[in-house]
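Student: Before anything else, here's the structure in question.
The values are calculated or read from the model by the stated rules, or taken from the named source; none is laboratory data. The structure presented is a predicted model; accordingly, all values stated were derived computationally and were not measured. Backbone-built Cβ (ideal geometry, glycine too); neighbour counts: all protein chains shown.
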Amino acid sequence: MIKVENVHKQFGGKQVLCGVNFEVSEGESVAIIGGSGTGKSVLLKTMVGLIKLDSGSVKIDEVDIRKCSSLDLRATQKKIGYVFQEAALFDSLNVFENVAFGLKMLTSLTTNEIRQRTLQCLSMVGLENIENLKPSELSGGMKKRVGLARAIAYKPRYIFCDEPTTGLDPIMSNVIGNLIVNLKNCWGITSIVVTHDMKYVYKVANKVLMLCNGNIAFSGTPSEMDNTKNEYMKQFVERSKCGPIVKEKVEYNEQST
Ligand SMILES: Nc1ncnc2c1ncn2[C@@H]1O[C@H](COP(=O)(O)OP(=O)(O)O)[C@@H](O)[C@H]1O
Ligand SMILES: [Mg+2]
């Protein structure tokens, strides 16, 4: 269970989050939508303690991540697989080592089990036979998928993803959507995903939150979103449905984008 209560965050006098409130129950698939620069990434980072919030609280399984000890914070962070908007892979490690990193650090799996799990997770995100490549040899979309494989590898209780399908072609976006549904059904993982991808929202989310002017302007199911009377929300959804799709070539030896 995640409880976000009255969260405020400002940078240099600019108020980005002004009293954000919402809850996420076990097994939910939440999509956070909203215009560029509205604070979606900041919100996700405050929820995992990567950015310190100014006031309010984020409780993950009853642990207040702002007030708990650093030991409890670490233990809570271990429950969360985080996929950064910019993938954030270790450039000096190859793909296999990037995905296996958390398994080595956080689990007591054997070398063989780590190998199996790593290859399984890479296959789940549609990547095979690229374990020995370095991040610099991957396209943006491939890096993102490696980041996702790394986040799910140790079967966290929660997964927080910042725009997992941006930069992917429609087929790969669909693979990622299916993957997150499967993570919920097979591994019971609760997900919070920041996205602009309305196909993802309809396919995966059971709750949609819209961030606008530092607050949650809408909270409801995808069908409630479709029937909303909120004019801004209506326009946002309609425009997002026909937004640009960035194509990704999927050959593994292409240069970084
Ligand atoms: N570390 C930071 N220092 C200063 N300003 C920041 C920082 N991180 C984000 N911001 C600002 O917060 C606002 C929201 O950013 P962000 O959460 O990245 O938006 P988005 O909704 O597109 O993910 C932006 O105006 C951004 O410039
Ligand atoms: Mg962002």
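Student: Does region 34-50 hold any residues that are within 10 Å of ligand 1 (Cβ to nearest atom) and within 12 Å of the chain's Cα centre (by Cα), and which are they?
Tutor: 40, 41, 43, 44, 45
Student: In addition: Check off (1) buried (at least 16 other Cβ atoms within 10 Å of the Cβ); (2) within 16 Å of ligand 2 (Cβ to nearest atom); (3) in a loop (DSSP other than H, G, I, E, B) for residue 16 and give me the number that stays unchecked.
Tutor: The one condition residue 16 does not meet is (3).
Student: In region 182-204, what residues are under 27 Å from residue 39 (Cβ atoms) and among the hydrophobic types (A, V, I, L, M, F, W, C)?
Tutor: The answer is 183, 189, 192, 193, 194, 198, 201, 204.
Student: Closer than 19 Å to residue 211 by Cβ, within 16 Å of ligand 2 (Cβ to nearest atom) and surrounded by fewer than 19 Cβ atoms within 10 Å (Cβ to Cβ): is that true of residue 50 in this structure?
Tutor: yes
Student: Moving to a separate point now. From the set of residues in region 82-109 that are at pLDDT 95 or above and β-branched (Val, Ile, Thr), which is nearest to residue 150 (Cα to Cα)?
Tutor: 99
Student: In addition: I'm told residue 37 meets every condition in (1) in contact with a strand residue (DSSP E or B) (Cβ under 8 Å, 6 or more places away or on another chain); (2) within 16 Å of ligand 2 (Cβ to nearest atom); (3) not in a strand (DSSP E or B) except one. Can you identify the failing condition by its number?
Tutor: Answer for residue 37: the failing condition is (1).
Student: Inside region 19-40, can you point out the residues that are surrounded by 14 or more Cβ atoms within 10 Å (Cβ to Cβ) and closer than 19 Å to residue 204 by Cβ?
Tutor: 22, 23, 24, 28, 29, 30, 31, 32, 33, 34, 40
Student: So which residues in region 168-218 are within 14 Å of ligand 2 (Cβ to nearest atom) and either surrounded by fewer than 22 Cβ atoms within 10 Å (Cβ to Cβ) or without any contact (Cβ under 8 Å) to a residue 12 or more places away in the chain (or both)?
Tutor: 196
Student: Looking at region 69-184, what helices (runs of 4 or more DSSP H) fall wholly within it and have at least 1 residues that are of a type in the set (Asp, Glu)?
Tutor: 70-77, 95-106, 111-124
Student: Return the pair list, or none, for Cβ contacts closer than 7 Å from residues in region 1-14 that are under 12 Å from residue 54 (Cβ atoms) to residues that are of a type in the set (Val, Ile, Thr), at least 6 apart or on different chains.
Tutor: 7/20; 7/46; 7/58; 9/16; 9/42; 9/46; 9/51; 10/16
Student: When region 126-161 is examined, which residues are found to be under 16 Å from residue 189 (Cα atoms) and not basic (Lys, Arg)?
Tutor: 148, 149, 151, 152, 153, 154, 156, 158, 159, 160, 161
Student: Just to check your reading of the model, which residue among 86, 128 is of a type outside the set (Val, Ile, Thr), within 17 Å of the chain's Cα centre (by Cα) and exposed (fewer than 14 other Cβ atoms within 10 Å of the Cβ)?
Tutor: The unique qualifying residue is 86.
Student: Shifting gears a bit: If you scan region 127-167, which residues turn out to be among the charged types (D, E, K, R), touching a residue at least 40 places away in the same chain (Cβ under 8 Å) and at positive phi?
Tutor: 163
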